[in-house]
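Chemist: Questions regarding the structure given below will be posed in turn.
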Amino acid sequence: MRPDTLDRAVITGPVTVRDGGPRRFPVGPVLVWALPVLTAAGLGAWRLTGAALWADELATWGVVRLSWAQLWRLSGSVDAVLTPYYAAMKVWTALAGTGTAALRLPSLLAVVATTAVVVALGRRVGGPATGLVAGLIFAVIPATARYAQEARPYAPAMLGAALAVLCLLRLVERPGVGRAAGYAGALAFAGGCHPLGGLLVVGGHGVAMAVGPMALQFRSGHGRPGGNAQAVSPGQENGAGNRAASGPGNGAERGPGSGPGNGLGNGPGNGPGDWPGDRPGDDPGDGPGDWAGDEPGDGPGDGPGDWPEDGSGHGLGDGPGDGPEARPRPARPHDDRPSRWPRGWAASRLWALAAVVGSMPAVLLALRGAHQTAQVAWIPLANLDTLQGLPQNVFGSAAIGGIVLALAATGVRRTSPAICLAAAGFVPPTLLLAAGTVVPVWVGRYVLVAVPALAVLAAAGATRAGATRARATRARAGGVVLLAVLLSWPVQVELRGPAGHAQDSARIAEVIGARRAPGDVVVFPDTHRSIPWAARDIYERYLPTPRPPDVLAVVPQRVDGRLLARECPGAVCLGAPARVWVVRADDAADPLRDMGAAKRARIGGAYRPVQRWSFPLLSITLMERAGG
């Protein structure tokens, strides 16, 4: 039957009309939550301390050992945007200590919590199966495990971003002050952890609120045949995209007053609630409530997650477990409104107010750190190579990134949750890439806030695109997860090696610790292109005492509000040791590079290199007095 005649048809006997809406397959409610969360927790905890702390993590370690006054003073010259994170970590380490596991545990917990939020988002978009697949995809992305094991604010920022999307969907469903307050709180948390990421989140949500009403109005089918529902038999209403009466085994007869599986006819196959103010449940072929987090697949059109053709007794209008003797439902009032923006101004005003309030922490932190440009001076401008490297830089694997982005594109649909997720997933990297062509701000980890939304969209694509039977959906979704696991496994193993975070910091102990001699001293370069503090932090963190003294330093790093240590001018306090160790956070062939002229002349004129060790982002050179 053609769509333009379906809404005018009078159903006189058993008829089965299958639509092209999303298919679901049964998934246990415990499994939906437990499997992704346990997977994320297991991968995050697996060899949590295997990789040495790298430069950025060492910065966290260095800051949390300061007094509160020193921390505040330091924020005036460097890392002002990370002050809330450092303060929280200082409180945490006062209880848990500054061991590697203790420093990384908050990030691990944040990733586990983010996985649960991703599952909740997936359930809202496509039911329990989509939630399960979304959680698993997010858990096995290499970047998820990488930043679950990093003592930096990126994992907490991802949690804040995921919570903000979830709160946005709730605000869009039913505008209210409480939901707006929850949204503002989630934004404030994300922006407090990482201000740039938080502002990118707000930008993505702003696009969703601007584009969503137009997309849904277009979807409502103004002027198209079948765009609005009409009664099909006494007490029944149907939208153009709905399954009609059920066939044998699917609840053969519905009594008068029973509603169709897809609700009140807001356009082809829509239930009420495509945008603010309506009830959830607006996927084509779904009953109202199917993505709202009810029992899997519920809503007056589906049983709990069951596939319509699997003989489980679910068809048009069937409730959970209905069979041939399903009871009639009370008639619902006919509603032929298009999928426009009901109570949209209320939602828009509440969102705008919540976005402004929730963005304040990020804005204030950004203003405080606006003059600290040295923090981004090392970042190159974005170009075509940057775009090509985006999957690798954001997801930790080019193959995994390509799969997730491709599936996420197929998961975008003209429904309010999908529009919000698409904006939350695609807009932040797009904005930062565009800005990065003008100012040096593009770094892949700065857009990790988009990964949870992209994982949900990828799961929606995996569980919806092109499937006609539950078995095919299960096979495709399972294949996607299995492929992601196989492709990510080598990266997962590499991340947990000694240099898994790109810097083999712990090697300094086996080099200097086994070879030091009485009277040895150590010196460091004066600067570095991107991580000038790292060499001294590696030395202090990984080389136990007794160790060669840092003879040139007169004030340690960070304690006086400066990031780097203060040294005696011209290296006059070097003395005349027999041997000098030079520790660098790079692989420079010249051990004296990046040293001031007087310091370089004093050391280079009296000492010659005799042995050199090189590791990822760490080089150690032993120099002896010439002619000694």
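Chemist: Once fully extended, how much extra length lies between Leu364 and Ala475, figured as 0.36 nm per residue of separation less the alpha-carbon to alpha-carbon distance?
Modeler: That works out to 35.1 nm of additional length.
Chemist: Using modelled backbone amide H atoms (1.01 Å from N, in-plane), which distant-in-sequence or interchain residues come within less than 5 Å of Met595's amide H?
Modeler: The list, which skips near neighbours in sequence, is Asp526.
Chemist: Continuing with the same structure: Please compute the contact order of the stretch 342-452 in relative form: average sequence separation of alpha-carbon pairs under 8 Å and at least six residues apart, divided by the residue count, as a percent.
Modeler: Computed value for the stretch 342-452: 31 percent relative contact order.
Chemist: Expected output is a single nm value to one decimal: the length gained when fully extending between Leu387 and Val91, i.e. 0.36 nm times separation in residues minus the C-alpha distance. What is it?
Modeler: 102.7 nm
Chemist: Still on this structure: What distance in nm separates the two pseudo spin-label positions at Ala377 and Leu483, each 7 Å out from Cα along the beta-carbon direction?
Modeler: According to this spin-label approximation, the distance is 4.6 nm.
Chemist: Which order, highest average first, do 524-535, 89-100 follow once you tally other Cβ atoms within 10 Å for each residue and take the mean per peptide?
Modeler: So the order, starting with the most tightly packed, is 524-535, 89-100.
Chemist: Also: How would the stretch 510-622 be classified by its alpha-carbon gyration tensor: rounded, prolate or oblate, with rounded meaning a/c under 1.5 and the a/b versus b/c comparison settling the rest?
Modeler: Since a/c stays below 1.5, the shape of the stretch 510-622 is classed as rounded.
Chemist: Pull out a ≥ b ≥ c, the square roots of the eigenvalues of the alpha-carbon gyration tensor of the stretch 455-562, then state rounded if a/c is under 1.5, prolate if not and a/b is larger than b/c, and oblate in the remaining case.
Modeler: prolate
Chemist: Between Ala576 and Ala346, what length in nm is gained on full extension when 0.36 nm per residue of separation is reduced by their alpha carbon distance? The partial results should precede the final answer.
Modeler: Numbers: separation 230, 0.36 × 230 = 82.80 nm, distance 7.56 nm.
Contour length minus Cα-Cα distance gives 75.2 nm.
Chemist: Suppose R0 equals 25 Å. What FRET efficiency, 1/(1 + (r/R0)^6) with r the Cβ-Cβ distance, do Ala601 and Arg73 give to the nearest 0.05?
Modeler: For R0 = 25 Å, the calculated efficiency reads 0.15.
Chemist: Rounded, prolate or oblate: which fits the stretch 73-218 when a ≥ b ≥ c are the square roots of the eigenvalues of the alpha-carbon gyration tensor, with rounded for a/c under 1.5 and prolate only if a/b beats b/c?
Modeler: Taking the square roots of the gyration eigenvalues as a ≥ b ≥ c, the stretch 73-218 is oblate.
Chemist: By average Cβ neighbour count within 10 Å, what is the ranking of 504-512, 117-125 from highest down?
Modeler: Details: 504-512: 19.9, 117-125: 28.2.
Top to bottom by mean Cβ count within 10 Å: 117-125, 504-512.
Chemist: For Glu567, which sequence-distant residues (separation of 5 or more, or a different chain) have an amide H within less than 5 Å of its own amide H, given hydrogens modelled in the peptide plane?
Modeler: Placed amide hydrogens put Val554 under 5 Å from Glu567.
Chemist: To continue, here is another question. What whole-number value in Å² describes the accessible area per residue of the stretch 473-517 for a 1.4 Å probe? The partial results should precede the final answer.
Modeler: Numbers: 2090 Å² over 45 residues.
Result: 46 Å² per residue.
Chemist: Something else now. How large a share of the accessible area of the stretch 508-574, in percent, is made up of carbon and sulfur atoms when the probe is 1.4 Å and the other protein chains stay in place?
Modeler: Result for the stretch 508-574: 56 percent of the exposed heavy-atom area is carbon or sulfur.
Chemist: Projecting each Cα onto the charge dipole of the stretch 470-628 (Lys/Arg +1, Asp/Glu -1 at the beta carbon, about the Cα centre), which of Leu486, Gly627, Met595 comes out farthest on the positive side?
Modeler: Leu486
Chemist: Rounded to whole Hz and in sequence order, give me ³J(HN,Hα) for the stretch 564-576 from the Karplus expression 6.51 cos²θ - 1.76 cosθ + 1.60, θ = phi - 60°, writing x for Gly and Pro.
Modeler: With the stated coefficients, the stretch 564-576 comes to 9, 5, 8, 10, 5, x, x, 6, 5, 8, 5, x, 9 Hz.
Chemist: Now for a separate question. Could you grab the Rg to Rh ratio for the stretch 41-89? Cα atoms only, Kirkwood for Rh.
Modeler: Taking Rg over the Kirkwood Rh, I get 1.09.
Chemist: Using packing as a proxy for protection, rank 428-436, 108-116 so that the peptide with the highest average count of other Cβ atoms within 10 Å comes first.
Modeler: Put in order of decreasing packing, that is 108-116, 428-436.
The values are calculated or read from the model by the stated rules, or taken from the named source; none is laboratory data. Here the structure is a predicted model, which means the values were calculated and not measured. Please note: Cβ atoms are built from the backbone with ideal geometry, for glycine as well, and neighbour counts cover all protein chains shown. The area values use the complete protein model at the heavy-atom level, side chains included, leaving out ligands, DNA and RNA. Shrake-Rupley method; radii C 1.70, N 1.55, O 1.52, S 1.80 Å.
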